[in-house]
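The values are calculated or read from the model by the stated rules, or taken from the named source; none is laboratory data. Everything numeric here is computed off the predicted structure, so don't read it as measured data. Cβ: placed from backbone, ideal geometry, glycine included. Neighbour counts: every protein chain shown. Accessible surface is based on the protein model in full, side chains and every heavy atom, while ligands, DNA and RNA are left aside. Shrake-Rupley method; radii C 1.70, N 1.55, O 1.52, S 1.80 Å.
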Amino acid sequence: SDPMPLPRLGRGSMGGMQSLALPLGKGPHQVGCADVMVGHTRQGLFLRLFYPCLPRAGAEWPLWIPRYEYCGGLADFVHRSRRWCAPLLNATIGSCRVPVSWNGPFKPCSRRYPLIIFSHGLGAFRTLYSSVCSELASWGFAVAALEHRDHSASATYFCPAEAGSEEWIPYQRVPQGQKEFYFRNKQVHQRAEECVRALRLFEDIDSGKSVPNVLHQDFDLSVLKDSIDLTKVAVMGHSFGGVTAVLALVKEPSFRCAVALDAWMFPLENALYPEVPKPVLFINTEKFQTPESIAKMKRLSSRNSQTKIITVLGSVHQSQTDFTFLTGKLLSRIFGARGTLDPYKGLDITSRAALAFLQRHLNLEEEFHQWDDLLEGIGDSVVPEAPFCRPNL
């Protein structure tokens, strides 16, 4: 499509309808993004890649909610009727865009970019963490935000080999009569395996294999060859994605560390805790965690002195998603999106703590250690460990 100059989406730019203004990355690089789907079965992969890009005049910004089907999936996930909730979501947030360059020209670099594989939470999908993913990309990372196919995304799809066809994978609740742990445990293993497959995809590209993007986009994956540092790979995620990141460390030795945003520790079997070999940074919000969940995190920190647990005060579970930047009262209420902490400040704390941790464990040649204090819970709105608050699950 023609590159068109898009309005900066600020409050009020579209009257009362406007409800989302996502921040631009604060790092030195401009950010591009592209969707990548490989394979024609559900065993393939689907992800949105955020990466440092070259400036381009009139760059197009991608839609935040990529397709109407995701509005229906979100309605299902929040137990609202699709009949009114999906059109409401589409009307209020359907036109919102992410301030990154869609299929923008990849920025070559003499030093390869480290890689982060990002795993979304329950009921989310690949675009709902655009603010944190583009922030990290602006500091010189390639960030691959997966869309999981274990029925935990509010909606996703794959493209069978017949031209133009799509098969949608709906969000699924725990089946009646099935124990939640067994259902979720199976999902978390599938999710962690998808994280490992994402790493394999980048290894294939780097070895010069031709990897066709089923979505036929203007982004050629071969530009990534010799540009991604496969010795510096971390895995990161939110909620269900946080525990996915922890499990991915067990499954794949190449992942050097994990950043878990408000991890939902419930789905991991106890036998796996002694197996987690690498450091994890747990960044918790004030209102989500339970004593059981914190105890599981502490089991990991007692085994590895480099594992850190910090809590961001004034934040709620959705504070680590793009929903925290929703300005409409109704939508904020539907998604429980707002804590008392300013969302921009929350994003700063989360991304800086993550960057300091990644600097330490990926041996980066950057200046991110300037934020090392955050890893000890020192600073405004951050505390070490976790306040035991009333769980509000």
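Key figures for this structure:
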item	result
Residues satisfying the stated conditions in the stretch 286-320, i.e. out of contact with any helix residue (DSSP H, G or I) (no Cβ under 8 Å at 6 or more places or on another chain) and part of a helix (DSSP H, G or I)	P291, E292, S293, I294, A295, M297, K298, S301, S302, H317
Count of the stretch 142-167 residues which are out of contact with any helix residue (DSSP H, G or I) (no Cβ under 8 Å at 6 or more places or on another chain) and part of a loop (DSSP other than H, G, I, E, B)	9
Those residues of the stretch 112-127 which are assigned to a loop (DSSP other than H, G, I, E, B) and crowded, with 24+ Cβ neighbours inside 10 Å, in sequence order	H120, G121, A124, F125, R126
Where a residue in the stretch 80-95 is within 11 Å of L331 (Cβ to Cβ) and its partner, wherever it lies, is of a type in the set (G, A, S) and not in a helix (DSSP H, G or I), with Cβ under 8 Å and at least six apart	T92/S19; T92/G328; I93/S19
Pairs where the first residue, in the stretch 32-45, is assigned to a strand (DSSP E or B) and the second is modelled with pLDDT under 95 and of a type in the set (F, W, Y), C-beta under 7 Å, 6+ apart	A34/F219
Among the candidates A145, A161, residue that is in contact (Cβ under 8 Å) with a residue 12 or more places away in the chain, crowded, with 24+ Cβ neighbours inside 10 Å and aliphatic (A, V, I, L, M)	A145
Residue identified as in contact with a Cys (Cβ under 8 Å, 6 or more places away or on another chain) and not acidic (D, E) among I334, I349	I334
Some residue of the stretch 86-106 being among the charged types (D, E, K, R) and either in a loop (DSSP other than H, G, I, E, B) or closer than 26 Å to F202 by Cα (or both)	no
Flag if A59 is under 15 Å from R126 (Cβ atoms) and crowded, with 21+ Cβ neighbours inside 10 Å	no
Candidate set: the stretch 188-201, residues that are open to solvent by 10 Å² or more (accessible area, probe 1.4 Å) and in contact (Cβ under 8 Å) with a residue 60 or more places away in the chain; chosen: the one farthest from V223 (Cα to Cα)	R197
Scope the stretch 232-278; condition farther than 22 Å from G123 by Cα and in contact with a Ser or Thr (Cβ under 6 Å, 6 or more places away or on another chain); matching residues	V233
The listed residue being among the hydrophobic types (A, V, I, L, M, F, W, C) and surrounded by fewer than 19 Cβ atoms within 10 Å (Cβ to Cβ), out of L272, L281	L272
Candidates G73, G25 - the one that is surrounded by 15 or more Cβ atoms within 10 Å (Cβ to Cβ) and in a helix (DSSP H, G or I)	G73
Selected residue (only one of D322, D342, D262 is without any contact (Cβ under 8 Å) to a residue 40 or more places away in the chain and not hydroxyl-bearing (S, T, Y))	D342
Which numbered condition V246 fails, given (1) open to solvent by less than 60 Å² (accessible area, probe 1.4 Å); (2) closer than 16 Å to A144 by Cβ; (3) touching a strand residue (DSSP E or B) at 6+ places or on another chain (Cβ under 8 Å)	(2)
Test for Q172: is it outside any helix (DSSP H, G or I) and surrounded by 12 or more Cβ atoms within 10 Å (Cβ to Cβ)	yes
Given (1) buried (at least 21 other Cβ atoms within 10 Å of the Cβ); (2) in contact with a strand residue (DSSP E or B) (Cβ under 7 Å, 6 or more places away or on another chain), index of the condition R97 fails	(1)
